[in-house]
Amino acid sequence: MSSLHELLNLQTQPIDESYVEKLTALLKSGIPATYTIEQIAAHEAGQDDVQDTGSNTTPLHTLIRSLPDVFSEKETQIVLKMMDVLFEFGAGWNFLDFENKSPGDLLFERGFCDGNVLYNRIVEAGVSAELLLRKLNDDIEFLDVEQEDKEEEEEIESEVPSSQGSVAAEHAEQHDTAEHQAAYLKADLEYTANALVTKENKDGVMMDWETDIMRLACETMFQHHDATADGPVVLNIGFGMGIIDTFIQDRQPAKHYICEAHPDVLKHMREQGWHEKPNVVILSGRWQETLSKLLDEGSVFFDAIYYDTFSEHYADMLDLYDTIVGLIKPDGVFSFFNGLGADRQVCYDVYKRVVEMDVKNYGMKCDFDTIPLPKNPDWEDVRRSYFSCDRYYHPKIRFA
Ligand SMILES: C[S@@+](CC[C@H](N)C(=O)[O-])C[C@H]1O[C@@H](n2cnc3c(N)ncnc32)[C@H](O)[C@@H]1O
C-alpha cells in the first residue's frame, strides 16, 4: 500500500485540513495522482510492467470508497478540497476500477448525486476534460474520422460486384454499423415487432420502448405554436420506425418535412404511403446534404426541428448546430433524442452540461425535463444496449 492510498483510506476522523496538507505534500513529492492499486500490487510483486487488466483503481476511487457513512458539511468541504488537489495534479475523472466503476459511479451509487457538491465536482472535471480533449483532437481526430468515412463512402459507392470478393468491400463490411455511418447505410435493415435493427449484427437502430420519449418530443415541437394560427412547419431528421412522425401527423402541421438517409427505411416509408401524404415533404439522403441544400435555397424556416439518427456521434451534432441555427425560426424549438453518454449516469450528466455550453455559443439555451424511466428496456433481441440510466433528460433548445 502506498502512503498516498493509505492517507486516502481516511483512517482518522474528523476529516480535517491536515488531510489536504498531507495530500498536497505527497503529490508534490512526485507520487502520481493516477497511481493505481494495481500498479502498487505489481511493484510490490517485483514486476516492472503492470499487466493491463483494464482495471485502474486510482487514489480518487480510494478516497470515495473510504468516505464514512455520515460526515459533516465541514468534512464535505475538506473532501472537496482533496478532490480539487487530486484533479490539479492530474487525476482522471473516468478511470474504471476493479469493479468497472468510475469515481462518479461510486458517488452516484451511494446517493451522492443531483446537486451534491462532490458529484458535481466530478461532473465539472468531466466537462473540462471533454472540452480539452476536443480542442486537442480538433484538427486530428475529427478530420481522420471524416477522411475515413469519405474513403468508406467511396468504397461503398464503387461498383465492384461483391462476387469478385473485393478487399475494399470486405473492409467496409467489417466496420461497426453503430460506429460508422457509411457501413450502416450499406447494411440491410429489418423491421421486427418492436424494433428496427440491422439484419446481420442486430444493432438496435430504433426500439419501441422510446415511444413515450417520442410523444414528449412531439409535445415540445408543438408547445410554443399559437393554436389559432396555421399549423407549424416542422422537420424531423431520422424516420426509423416513424413513431414521432406518426405523433406529428396527428397534430396536423402545415408542413411536415422528414429527412431520411437509409434506402431500406425510405422503401418502408414509400410502402406505408408517407410520400403521398399532402403535407409531408420527404428529404431523401443524409441531413448533411439535404439540409445544406435547404439552407442554401433559403426558402423554408422551421418552427420545430427534431433530430434522432443512428451511427452518428457528438461531432456530427456539433456540425448540425451550424445548420440548425440557419433553418430555425427565431422563436422555434430544437430537440433531439438524448442518448449522449447514457451508458453511465455520470457521463450522461457530463454531456448534459456539454450540450448546454455548446448551444450557448449559438445564443441558444437548453432546458432539460427529467423523466424517470421506470423499467429497463428489453435488450434481448439487440446486440447491445444503448441506454442504461434510470432517467431521461429531454432537451428543449431555443434562442435565449
Ligand atoms: C433512431 S432512428 C429514428 C427513430 C424515430 N425518431 C422514430 O420515432 O421512430 C434513426 C433514423 O435516422 C436515420 N439516419 C441515420 N443517419 C442519418 C443521416 N445522416 N441523415 C438522415 N437520416 C439518418 C436512420 O436511417 C434511421 O432511420
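Just give me the residues in the stretch 386-397 being among the charged types (D, E, K, R) and either touching a Cys at 6+ places or on another chain (Cβ under 6 Å) or open to solvent by 70 Å² or more (accessible area, probe 1.4 Å) (or both), in sequence order.
Keep residues of the stretch 386-397 that are among the charged types (D, E, K, R), which gives 390-391, 396.
Passing the criteria: only ASP390.
Looking at this structure, is ALA187 modelled with pLDDT under 55, farther than 29 Å from GLN345 by Cα and in contact with a Ser or Thr (Cβ under 6 Å, 6 or more places away or on another chain)? Here the answer is no, as ALA187 does not meet what is asked.
One line per residue, one yes/no per condition, for (1) within 11 Å of the ligand (Cβ to nearest atom); (2) free of Cβ contacts under 8 Å to residues at least 60 places away in the same chain; (3) among the acidic types (Asp, Glu):
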{"position": "GLY240", "(1), (2), (3)": "yes, no, no"}
{"position": "ILE244", "(1), (2), (3)": "yes, no, no"}
{"position": "ASP250", "(1), (2), (3)": "no, yes, yes"}
{"position": "ALA261", "(1), (2), (3)": "yes, no, no"}
{"position": "HIS268", "(1), (2), (3)": "yes, no, no"}
{"position": "PRO278", "(1), (2), (3)": "no, yes, no"}
{"position": "TRP287", "(1), (2), (3)": "yes, yes, no"}
{"position": "THR290", "(1), (2), (3)": "yes, yes, no"}
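LEU283 falls short on exactly one of the conditions (1) of a type outside the set (D, E, K, R); (2) surrounded by 21 or more Cβ atoms within 10 Å (Cβ to Cβ); (3) within 16 Å of the ligand (Cβ to nearest atom), and that condition is (2).
Among the residues of the stretch 254-284, those identified as in a loop (DSSP other than H, G, I, E, B) and either of a type in the set (Asp, Glu) or over 30 Å from the mean Cα position of the chain (by Cα) (or both) are ALA254, GLN272, GLY273, LYS277, PRO278, ASN279. Residues in the stretch 193-238 that are polar (S, T, N, Q), in contact with an Asp or Glu (Cβ under 8 Å, 6 or more places away or on another chain), more than 9 Å from the ligand (Cβ to nearest atom) and at pLDDT 95 or above: THR198 alone.
Has the stretch 210-229 got at least one residue that is outside any strand (DSSP E or B), of a type in the set (Ser, Thr, Tyr) and in contact with a His (Cβ under 8 Å, 6 or more places away or on another chain)? Yes; the residues of the stretch 210-229 include at least one that is outside any strand (DSSP E or B), of a type in the set (Ser, Thr, Tyr) and in contact with a His (Cβ under 8 Å, 6 or more places away or on another chain). Can you find even one residue in the stretch 292-308 that is within 8 Å of the ligand (Cβ to nearest atom) and either in a loop (DSSP other than H, G, I, E, B) or at pLDDT 95 or above (or both)? The answer is yes; a qualifying residue exists.
Within the stretch 69-92, the residues that satisfy the criterion of being open to solvent by 20 Å² or more (accessible area, probe 1.4 Å) and not in a helix (DSSP H, G or I) are ASP69, VAL70, PHE71, SER72, PHE89, GLY90.
When residues in the stretch 367-394 are screened for being of a type in the set (S, T, N, Q) and over 25 Å from SER311 (Cβ atoms), 1 of them pass. Entry remark, the stretch 220-263: residues being open to solvent by less than 50 Å² (accessible area, probe 1.4 Å) and charged (D, E, K, R) number 2 in total. Residues in the stretch 234-262 that are within 15 Å of ASP208 (Cβ to Cβ) and hydroxyl-bearing (Ser, Thr, Tyr): 1 in all.
The residues of the stretch 355-380 that are surrounded by fewer than 19 Cβ atoms within 10 Å (Cβ to Cβ) and of a type in the set (Val, Ile, Thr), listed by number, are THR370, ILE371. Being basic (Lys, Arg), in contact with a helix residue (DSSP H, G or I) (Cβ under 8 Å, 6 or more places away or on another chain) and open to solvent by 50 Å² or more (accessible area, probe 1.4 Å) holds for only one residue in ARG383, ARG344, and it is ARG344. What are the pairs, 6+ residues apart or on separate chains, where a residue within the stretch 178-201 that is of a type in the set (Ser, Thr, Tyr) has its Cβ under 9 Å from a residue that is assigned to a strand (DSSP E or B)? Between residues of the stretch 178-201 that are of a type in the set (Ser, Thr, Tyr) and residues that are assigned to a strand (DSSP E or B), the close pairs are TYR184/THR198; TYR184/VAL205; TYR191/VAL197; THR198/LEU189; THR198/GLU190; THR198/GLY204; THR198/VAL205.
The values are calculated or read from the model by the stated rules, or taken from the named source; none is laboratory data. On a predicted model such as this, the values are computed, not experimentally measured, just so you know. Heads up, the Cβs are rebuilt from the backbone with ideal geometry, glycines too, and the neighbour counts pull from every protein chain shown. Accessible surface is based on the protein model in full, side chains and every heavy atom, while ligands, DNA and RNA are left aside. Shrake-Rupley method; radii C 1.70, N 1.55, O 1.52, S 1.80 Å.
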